[in-house]
Each structure stands twice: as structure tokens, then as C-alpha cells.
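No value in this document is a laboratory result; all are computed from the given coordinates. All figures in this text were calculated on a predicted structure; none of them were measured in a lab. Note that each Cβ is placed from the backbone with ideal geometry, even for glycine, and that neighbours are counted across all protein chains shown.
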């Protein structure tokens, strides 16, 4: 899945959120006022974030969305933001993206003022799970989704470990069978029988001597 993270931040709070999300997504977070911000190739998932400045987003966000070709976001956009009291930056972002005809994810990430370390760690995980999101879980509230996603992740890990264990057993059995075939090809079973016969004769001779 192709992913992009775009944001605008004056005080650094949204930048911290963007970098945490980018870390989880395995991409670089780029500010919308950066010359590299424009999407030249389609992405499946766009994370976009901003904050309130005088009850509105910075003009740089509006300009970025205005120039954004909806066909460059093939799946959905996920909004994130920071403010002192409300989730208004997220609502504004979702509204202007919808006006562009871009599909909006029901999931979003919000921080009240400066994000704490725990939230930043959660955002990295949030990005990772969103990339691998099961559309059937979209109807769930965020907390229930995270719980369900974690459970599914654990089940998938257990399944991978079981498959790896089964592969190791199969490999060991194949090696043992190959060794048996090689021993038979070398005539060692017959030699072993001859040795056993010789040992039997030696034991019998020793018994006669006694």
C-alpha cells in the first residue's frame, strides 16, 4: 500500500504527530509548504493534519488541498490535528477533503495541545493498523477497533509461528529421510548386518572358551 503523510505545523505539535504517524507507516512526514509535498503519483492512503490558528487552519493547508488531484488518493484520507479545546481542525480538514471528492476514513487522531509520549507511540501503532485495516471493522468505534485489531494481529502472529514450526518439522523429516536413502545407497544396512553377525560369532566363541 502506498502511503503519504502531509501536515502543517507552526508550534511543532502537529509535526510531532505527523512524524509519529510516518514512523508507523514507514514513510517521511512532509510539511505542505515543502516543495516535495505535492503528490505526483497516486497513494492509497493519505494522512493529513493541521491545527487551528484563529479558528481556522493555516492557509497552507487550504492551498495544498485546493491543488490536490482527488485521483491521487485512491483509497481514503485520514485526518489528524491538535487544538486547545475541540476537534475542529479535524472537522475542517474532513470537510474540505470531502468537497474535493476524496473519501474520508471515519478514524482520526486528535491531541489536545502538545501530544504526550504515550500518544505519539499510539499514533505510530494507529498508522500501522490503518494501513492493514480490515474494511469490515470500519463501523467499530476507535477503541473497539484497536482492541479487535490487536486481537487479530496476535492471531496472525500465532498462525505464522505455527506455520514456521510445521515447516521446520517437515524440513527435519525430509533431511532424515534423505539420510536414510543415502545410507541405503551406500550399502550400510548390509554392512551393519555383517557386523552384527560377526559380533554374534565372537560372543559365541568367547562363550565356548569359557
Original post:
Which of the peptides 71-80, 171-180 is most tightly packed, and how do the rest follow, judged by the mean count of other Cβ atoms within 10 Å per residue?
Top reply: 71-80, 171-180
**OP:** Quickly work out the residue 160-to-residue 1 label distance, labels modelled 7 Å from Cα along the C-beta direction, and quote it in nm with one decimal.
**Re:** 1.6 nm
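For region 16-86, what ratio Rg/Rh do Cα atoms give with a Kirkwood hydrodynamic radius?
Working: Rg = 12.4 Å, Rh = 13.1 Å.
Ratio of gyration radius to Kirkwood radius: 0.95.
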Original post:
Whole number please: convex hull volume per residue of the Cα set in region 3-133, in Å³?
Top reply: 92 Å³
Original post:
Spin-label point model (7 Å from Cα, Cβ direction): what's the residue 95 to residue 171 distance in nm?
Top reply: 5.8 nm
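Please compute the length gained on full extension between residue 85 and residue 56, using 0.36 nm multiplied by the number of residues separating them and subtracting their Cα-Cα distance. Mind dumping the intermediate values first?
Values: separation 29, 0.36 × 29 = 10.44 nm, distance 1.34 nm.
Additional length available on full extension: 9.1 nm.
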**OP:** Take the alpha-carbon centre of region 1-67, take the same for region 89-113, and report the distance between them in whole Å.
**Re:** 12 Å
**OP:** Kindly rank 155-167, 49-61 from highest to lowest mean number of other beta carbons found within 10 Å of each residue.
**Re:** 49-61, 155-167
